[in-house]
Amino acid sequence: MVKVITYGTFDLLHYGHVRLLERAKALGDYLIVGVTAEDFDKSRGKINVQQSLMERVDAVRATGLADEIVIEEYEGQKIDDIRRYGVDIFAIGSDWKGKFDYLNEYCHVIYLDRTEGISSTELRSQDQSFRLGLVGNSSFLNKVERECQLVNGLHLAGVCTNMPEILSESVRSLPLMTEHYDELLEVSDAVYLRTHPGLHAEQVEKALLAGKHVLCESPASLTVDECRKLYSLAKEKGLVFMEALKTAYATAYARLLLLAKNGKIGKVTSVDATCTSILKMNMEDPDELSGKWDSMSEWGPTALLPVFQILGPDYCDMRITSRFADQERKFDTFTRISFEYPDAVASIKVGNQVKSEGELIISGTKGYIFVPAPWWKTDYFEIRYENPAENKRYFYQLDGEGIRYELVAFARAMSTKQILYGIEPNVSCAISGVMEDFRAHKNLRVLL
């Protein structure tokens, strides 16, 4: 039996894909088709795939040409698959000519002429593109601008800021630079908000009422009611409203979340997350603190994310301990929050003037997941057991700190009208609820 293998993304499966599969099938007796996972595509920079992995697998299966389908998930898998399945022929489109010559050491490589006049890229280019406006007084927008250039379907319309001096030349060169939010909304289909959390609810609502999609840095609002209202308004208007927290879209984080929920470490009994940094500012100057992001605003949503995504938002009790830089207790330099659940506990530590090891530990009845600092930008984590011989390490590529991945998810949601939330609305509202309790000094103990 002659076995043939071929690989592809097979996004928006079209006649060209089918012809390639037919010709690959004709080369032997048994055809194995490798469908490339989104995460592997992301690591190669190809991040404009429109369909989910399962949609693409189902489309390939529906052709009836594949005798077997495998998922391509990592660099070097082609060699592993050729050896594992005893492959005789590796077939691929001629647009990859020369790229896979190294596989001739393991099997016979054949480049097949591609069908002219049609491609997934061309089909994607026919999809609607969106004009994105950037909003905020943060150099973080420079990163967002760079990552937008790598995302299919997003075109930057302009920026609304009061501090153009901190923005890169490319951001300042956008078609519109204004201090007036209304002006940016007029030329945009969607906005990315990197503003102070106290402004989020008003800015999100204004954009939604103007018919604009919104990607807003976490927290989406500072009260539960406001958060629920915003999600409800977006649904009513048929618009996309997503919370931007890059960690939620990182491949490694998504994988550890899945492993934790699927019982890989047994029943989860605790989640402990630490996020800290030391900002350069005069802590004695009230004006210097005014408008700055305190510890909870800066790090709270990130630290709370794994707690609520793994244990859920329905905790029984919450205790807050904080150190403040001002007598009014509006700017915390360090905060620790402890949660109690019916069958688990959790804790977060966040600080803007305290430095600690920024790790994430998820403990279970069989083992634990350890994510080293900085866990919120991780490309690596471990699952550890009582017997060290059973420990396993996981490595994943992280490009653009995860920013581009959330932009891809946002662009796809606007295009397909199907939102695959990185942060579910109930988690988003739970985060807003903690922010609300913190600002109300509920269950608060103050460190002197």
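Annotations
- V446 vs. criteria among the hydrophobic types (A, V, I, L, M, F, W, C), over 18 Å from V214 (Cβ atoms) and surrounded by fewer than 18 Cβ atoms within 10 Å (Cβ to Cβ): yes
- Residues in the stretch 349-383 that are surrounded by fewer than 17 Cβ atoms within 10 Å (Cβ to Cβ), without any contact (Cβ under 8 Å) to a residue 60 or more places away in the chain and in a strand (DSSP E or B): 1 in all.
- Whenever a residue of the stretch 425-446 is over 14 Å from E328 (Cβ atoms) and in contact (Cβ under 8 Å) with a residue 40 or more places away in the chain, its partners that are surrounded by 14 or more Cβ atoms within 10 Å (Cβ to Cβ) and among the charged types (D, E, K, R), lying with C-beta atoms within less than 6 angstrom and at least six residues away or across chains, give the pairs S428/E243; C429/R228; N443/R319.
- The stretch 55-110: number of residues that are without any contact (Cβ under 8 Å) to a residue 12 or more places away in the chain and charged (D, E, K, R): 8
- Screening the stretch 165-240 for helices (runs of 4 or more DSSP H) wholly inside it with 1 or more residues that are of a type in the set (S, T, Y) and surrounded by fewer than 19 Cβ atoms within 10 Å (Cβ to Cβ) returns the ranges 169-172, 224-237.
- Top-ranked residue in the stretch 243-254 [being aliphatic (A, V, I, L, M) and part of a helix (DSSP H, G or I); ranked as farthest from S432 (Cα to Cα)]: A252
- Residue, surrounded by the most Cβ atoms within 10 Å (Cβ to Cβ), within the stretch 255-275, restricted to residues that are in a helix (DSSP H, G or I) and in contact (Cβ under 8 Å) with a residue 12 or more places away in the chain: L256
- Residue that is farthest from K3 (Cα to Cα), among those in the stretch 65-114 that are part of a helix (DSSP H, G or I) and of a type in the set (D, E): D95
- Filter result for K246 (exposed (fewer than 14 other Cβ atoms within 10 Å of the Cβ), on the phi < 0 side of the Ramachandran plot, touching a residue at least 24 places away in the same chain (Cβ under 8 Å) and not polar (S, T, N, Q)): no
- Any hit, the stretch 431-444, residues being out of contact with any Gly (no Cβ under 9 Å at 6 or more places or on another chain) and part of a strand (DSSP E or B): yes
Rule-based calculations on the coordinates, nothing more; no lab input. In this text the structure is predicted, and so the values were computed from the model without any measurement. Note that we place each Cβ from the backbone using ideal geometry, even for glycine, and neighbour counts take in every protein chain shown.
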